[in-house]
Structures are given as structure tokens and as C-alpha cells.
Amino acid sequence: MAIIADHGTLLILIAAFFGLLMAIGIGANDVANAMGTSVGARAITVRQAIIIAMIFEFAGAYLAGGEVTQTIRNGIIDTSAFSAQPDVLIFGMMSSLLAAGIWLILASMMGWPVSTTHSIIGAIIGFACVSVGPDAVEWGGVKGIVGSWIITPLISGVVAYGIFLSAQRLIFNTDKPFANARRYGPIYMFLTSLVILLVTIKKGLKHVGLHLTNGETWLISIALSVLVMVGGYFYLARKSFVDNADEEDHFRGVEKVFSLLMVITACAMAFAHGSNDVANAIGPLSAIVAIVHDPIALASTSPIVWWILPLGGIGIVIGLALMGRRVMETVGSGITDLTPSRGFAAQFATASTVVIASGTGLPISTTQTLVGAVLGVGFARGIAALNLNVVRNIVASWIITLPAGAGLSIVLFYILQALFG
């Protein structure tokens, strides 16, 4: 208690820096995963990916990031186990942020697409086990999260497989692929818009004080998605678009349609990622701020301080701009050869899965979800379309991440305790 009373402001400032570092690591690694398919399919450039991330990652983090933040803050460990020593919980959360941030930045420099969720959860479990004991860990909640690491790649892979096959059947394997792309493209626009609008309205607007019923949410989402679909129909029917596409072969014209769709799904993926993975950085930071302000009420739910969500969003954008290129190359071109139609299938499946998980408060791994979707697209073309060496290296990096986060967190925990006496 004395440490918190004497150094509360300093602890918050250091924790904020560690949280920013963690957010930068998320931007360098996980956001690069999210945008890598668009860049790899050559639907957008790296600069355009950064601009999209600046807008939609920040919006997702600020508007819809609070739900998952509560899971990271209160769902991994039993905070009441630290009631007699809240300073230990603060040091533990600080060490977790720094450990996960260091690992993510190192992995990004090497071009390894690792899981930020694995990193922070492993770090939290590591310090909890050495400070209070294994009983402080909510193993039931951890089992559910671990289960999601298996289930969500499977779900996203199946969805991507289905979307890609539908495009093959409805568009590519027909006599008039370009005409059918213009016919069915707006339907894909509708589905993508519906997914992102549902979470934006239901989860995002709740944080700004507007609460809508499920029926109202679905009605508004469907209405706005219909407008997007109609707008897409008129855009694809424009004479300038048709003439430019007809100058090339039909299949390249079709890919032009899917390039447009990928811009929409890139925005959806950025928002979905910001709403889910920002919690990995600001969840522990939010817990630290809450404990400093009220060391006694460890187990209670407290509102997120206004500056924490923007801090996470800013850090994510900085990380992508400074260090995201190498991981984008690994995801965008290393696993399988992506075209706009294949990339759209993978992005749509990933965005849908991440958005649903964010709405339920389950902190899934965006990395594993995206890789599962890309694998689904690859399987749709045959196993030979996959670079199994790259897939094997990615899986190996996932296995290393959990113990790496835990080990770094334990070392940093003891260092912080020693520094503050």
C-alpha cells in the first residue's frame, strides 16, 4: 500500500509507456497480419494500408474495445488473490505489458507473425504463478481461451473456404465471369457491411451512451448494408469501370471487382482487429490505473479512464507504420499466392470471426484466425498451393510465444520489485 501511495503517479506513467510499447508491438505484428492479405493481393499499397489502419483501427479500439478489455483485466487471474498486496498485482501487470511488448517487437523485426493474445496471457499467467501461486490463475477461463485458439482458425478456415468456392461457382467457372462479378459483387458488399455494422452499432455505440435493442441493431445494419449494396451496384455499372475492365481479359476484370471488395474488407478487418486486440495492451494498463486509484476494490469492475483507449489506438498505428512491412510480406505472400478474390475470402472470414469474438468478449488470436482463413483459401485450390515450410515456421513461432511471454514476465517482475524496494 505504501508503494502505491508514494509512487502512484509514477507507476501510472511507467505503465502507460509500457502499454504504448505493447500497442506498438501489436501494430507491428498483428495489424500487419490483418492488412497483409490486402497488400499481398496487391489490392492496396503499404501506404494505403497504413492510412486505413489509422482510421479504422483507432475507431475499433475506441468505440468497441471495452468489452474484451474486461476479459483481459478480470478473466485471466483472480484479482482478489492480491487483495493483501495490490502492489504485487501492479508490478505483475507492468511486467506483463513490457514482456509482451518486447517479444512482439523482436518477432516483428524477424518477420514472425505471432499471437499478441498468447504473449500477454502467457505473461500474466507467468507472474501470477511466481507471485501468488497457480491458484490465482482462472484456469477455467484460460481453457476457454485456449479452446478458441483451435476453434476460431477452424471457423475462419471453413468460412473462407466457402466464400472462395462460392466465388468460383458463381463467377469464375461461368461463361461470363465479369458480368457475374458485377452481378454478385454487391451481394458480397452487403454481407461485409452487415458484419461490421452489427458490431459497430451494438458494441461501439454502447460506449457513447446509445443503447439499442437487438431488433433495432439488425434493422439499422441491414438498412445501411442495403445502401452499400445499391451503391456498389451503380459503381460497378458505371461505363468508365466497365470499359476499363473490358480492355483486359475477363478474369483480370473480375479481380478488379474483388479489389474493390478488398478495400471494404480491409476496413472491416482493421475495425475488427482494433476492437479485439487493443485489449491486449490496455487491459493490464486499465487494471493498473484502477488499482492505483482504489487499491482496495481489486475485484470490482471500474470504468476505463478516458485516455487509455486512444493511447492503445495510437500505439497500434505507430507500430504498423514503423515495423509492419516484414510481417505483412510473410502473411501476404509467404503462405500462398493471393489474388484479390482469394484475399477477399480470407479477409471476410477473418473479420467475421474476430467481430463475433469481440462481441462476446472472448480474446481470440487474430493471427491464428487469419492464418486459418488463408489456409482455407489454399485448401480450396489444393494442398500444393500452400507453402508448408512457411506454415510450419509460423506454427513453431506460436508455440514459442507462450513460454517466451511467461519467462520474460517473470524476470521483469522480479526486476520491478527490486527497483521499487
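The values are calculated or read from the model by the stated rules, or taken from the named source; none is laboratory data. Only a predicted model underlies this, so the values are computations on that prediction, with no experimental measurement involved. Because the Cβ atoms are built from the backbone with ideal geometry, glycine has one as well, and the counts that use them run over all protein chains shown. Just the protein is used for accessible areas: all its heavy atoms, side chains included, with ligands, DNA and RNA removed. Shrake-Rupley method; radii C 1.70, N 1.55, O 1.52, S 1.80 Å.
The figures follow:
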quantity: Accessible surface of the chain [probe 1.4 Å, protein heavy atoms]: carbon and sulfur percent; calculated: 68 percent
quantity: Fluctuation leader among Ile288, Ile24, Ile400 - the chain, Gaussian network, Cα springs under 10 angstrom; calculated: Ile400
quantity: Peptide ranges 124-132, 174-182 listed from the most packed, as the mean C-beta count within 10 angstrom indicates; calculated: 124-132, 174-182
quantity: Under the span-like rule (Cα at least 15 Å along the axis, Kyte-Doolittle mean at least 1.6), DSSP H helices of the chain; calculated: 2-26, 86-110, 308-323
quantity: Area accessible to solvent at Ser259, 1.4 Å probe radius, in Å²; calculated: 30 Å²
quantity: Overall dimensions of the range 1-420 by Cα: Rg and Dmax, Å; calculated: 21.8, 76
quantity: Cα-only radius of gyration and Dmax that characterise the range 311-408, units Å; calculated: 14.7, 43
quantity: Exposed-site-free run, longest, the chain (rule: GluC sites (Glu not before Pro); DSSP loop; at most 14 other C-beta within 10 Å); calculated: 1-246
quantity: Per residue, in Å², the accessible surface of the range 1-420 once ligands and nucleic acids are set aside, probe 1.4 Å; calculated: 39 Å²
quantity: Segments 86-97, 218-229 sorted - mean Cβ within 10 Å per residue, highest first; calculated: 86-97, 218-229
quantity: Residue with peak Gaussian network fluctuation, the chain [Cα springs, cutoff 10 Å], from Val31, Val371, Val390; calculated: Val390
quantity: Residue of Thr79, Thr192, Thr265 that the Gaussian network model of the chain assigns the largest fluctuation, springs spanning Cα pairs under 10 Å; calculated: Thr79
quantity: Amide H partners (placed H, <5 Å) of Val137, local residues excluded; calculated: Asp78
